[in-house]
Amino acid sequence: MVLAGVLLITPGSAGAKEMSPTSPTSPWGPKPTKAFKGDKCVEPVDVMRRDHMNYLLHQRDETVQQGIRGKKYSLRQCIECHAVPDKQAGGERTVEPFCGECHKFAAVTIDCFQCHTNKPEKVKSTEALPSGPLPPGHPTMNKKTSNSTNTGSWKKKTLFAALDPALQQGSTCNVQVR
Amino acid sequence: MSKCAKHCPEIAPNDAQNAIDPGRRRLLAGAGALTTLMLAPGVSLMMSGAVEARPAGVAASAKIRWGILIDVSKCPDGCDLCVTACKDENGWQETGRAETNVQWIRKVTLKDKNTGAIKTLPFMCQHCAEPPCVDVCPTGASFKRADGIVLVDKHTCIGCRYCMMACPYAARSFVHEQVTNQKPHAPRGKGTVESCTMCVHRVDKGQIPACVEACTKAGNRTMIFGDLNDPNSEIAKAAGQHLTTRIRADLGLDPGILYSGL
């Protein structure tokens, strides 16, 4: 458990980023667009690259079947941060230049956006946004929320996630992507 | 069809198939009155009358049974505010073809052939406690949430449509065509079955379903949403004062949608 905590607090280290195939200096590999909002992902970048599909599918089942909402791997939250102005959509923000970039490279086809819009919420008020903990620094973060995981530094929150078995998606996830 | 109801004094043509035979209706009403919902007096109080938002990370509770009480006598003929609100909220349009029309919510017209009396009422998934759509689903996609809301998990729905055949209320429909411009909170797409979700995404945030909200805001107050298990909720109190009917109560499905004034 302690070890897991240590591993998780280690931020998606700069070294890893330089060597990554998605680094802007790399001549090969997909180049997913930079996030539109926020400066940290819901997990370190290297973890997200590997495991985003498991997080998504696990939380999807929890939300739809048990009604558990407001946890951090919400598809709508991904879209809020990762949707960028998209030429193909007439300059509207979509998530295609982000998700699509890697998936094309890896020949992955996802059907999610046949039902889910790939555009962010047209915000009228903060009320329209999903409730629950948003990653720290999230521009739409609701300051009044009483959820304790919403306050504090990213490190603290990551540690919290590492120590809270309920948030240990890796270990509780029974969804396998192939 | 709802648009038509505004102009047509008689049953709108599209509604003919939805209309409930008045003879049978009387029978149903009678049966309903006998089996009027009985709230166990001993049930302990879990929530106040207000609808509360469930905190983040908490699953829906089996102590709650969400329901809607519809007072038919207060439902104005030709009014389709609830239907319009549902379309806006969940991003669907009518297909224009009766056979494949979307069935999230519709206005049904009842006509007593003997007296000529006409009454309209909103009709949607009845959120049964014993839902036949769940029994027949081969993948488990059709399910009842702990708090009584009957849903389709579109991620596991294979589009076989057994549930549509099993539903005695014809409350489900199939998406035949590609969908674009969905609402962020209401994903829907081709090849899956859908129906009223009792606005589960709103209820989880502590809001009431869009149809009930529209009806209440307009001052009609035909619909009351709330927890049937909570004796102090507005819905349980109202249900305790009037005789309520459950449509096709004879089937023993124990719907969560109650009608009064039928």
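Numbers at a glance
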{"read-out": "Nearest-10 value in Å² for the accessible area of B:Trp92, using the 1.4 Å probe", "value": "0"}
{"read-out": "Accessible surface ranking that places the most exposed of A:Phe105, B:Phe123 first, with a 1.4 angstrom probe", "value": "A:Phe105, B:Phe123"}
{"read-out": "Among the listed pairs B:Lys183/B:Lys205; B:Lys87/B:Lys205; A:Lys119/B:Lys107; A:Lys122/B:Lys205; B:Lys74/B:Lys107; A:Lys71/B:Lys205, those beyond 25 Å (Cα-Cα)", "value": "A:Lys119/B:Lys107"}
{"read-out": "Interface residues, the range A:56-76 - accessible area loss of 30 Å² or more versus chain alone, probe 1.4 Å", "value": "A:Arg60, A:Val64, A:Gln65, A:Gln66, A:Gly67, A:Ile68, A:Arg69, A:Arg76"}
{"read-out": "Per-residue SASA entry for B:Asp88, accessible area with 1.4 Å probe, Å² rounded to 10", "value": "100"}
{"read-out": "Cα centroid separation, the range B:216-262 to the range B:86-130 (Å)", "value": "17"}
{"read-out": "Set of aspartates and glutamates with alpha-carbon distance to B:Lys190 below 18 Å, sequence-local pairs under 8 removed", "value": "A:Asp111, B:Glu94, B:Glu99, B:Asp153, B:Glu177"}
{"read-out": "Full-extension gain in nm, B:Ala238 to B:Met165, via 0.36 nm per residue minus C-alpha separation", "value": "23.0 nm"}
{"read-out": "The range B:162-262: C-alpha gyration tensor shape, a/c 1.5 cut-off, then a/b vs b/c", "value": "oblate"}
{"read-out": "Net charge over other residues, Cβ less than 14 angstrom from the Cβ of B:Arg161 (K, R count +1; D, E count -1)", "value": "+1"}
{"read-out": "Heavy-atom accessible area ranking, 1.4 Å probe, most first, across B:Tyr162, A:Tyr73", "value": "B:Tyr162, A:Tyr73"}
{"read-out": "Chains A and B, summed buried accessible surface - 1.4 Å probe, Å², nearest 100", "value": "1900"}
{"read-out": "19 Å reach of a label modelled at B:Val58, 7 Å along Cα-to-Cβ, counting backbone N of the range A:65-85", "value": "A:65-72"}
{"read-out": "Accessible surface of the range B:55-185, 1.4 Å probe, proportion on carbon and sulfur as whole %", "value": "53"}
{"read-out": "Solvent-accessible area per residue, Å², over the range B:168-220 with all protein chains present [probe radius 1.4 Å]", "value": "37"}
{"read-out": "Where B:Arg106, B:Arg221 fall by accessible area, highest first, once all protein chains stay in place (1.4 Å)", "value": "B:Arg221, B:Arg106"}
{"read-out": "Solvent-accessible area lost in complex, 30 Å² minimum, residues of the range B:164-205 relative to chain alone, 1.4 Å", "value": "B:Gln182, B:Pro184, B:His185, B:Pro187, B:Asp204, B:Lys205"}
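The values are calculated or read from the model by the stated rules, or taken from the named source; none is laboratory data. Computed from a prediction, not measured in an experiment: that's the story for all the values here. Note that each Cβ is placed from the backbone with ideal geometry, even for glycine, and that neighbours are counted across all protein chains shown. Surface areas here come from the heavy atoms of the whole protein model, side chains and all, with no ligands, DNA or RNA. Shrake-Rupley method; radii C 1.70, N 1.55, O 1.52, S 1.80 Å.
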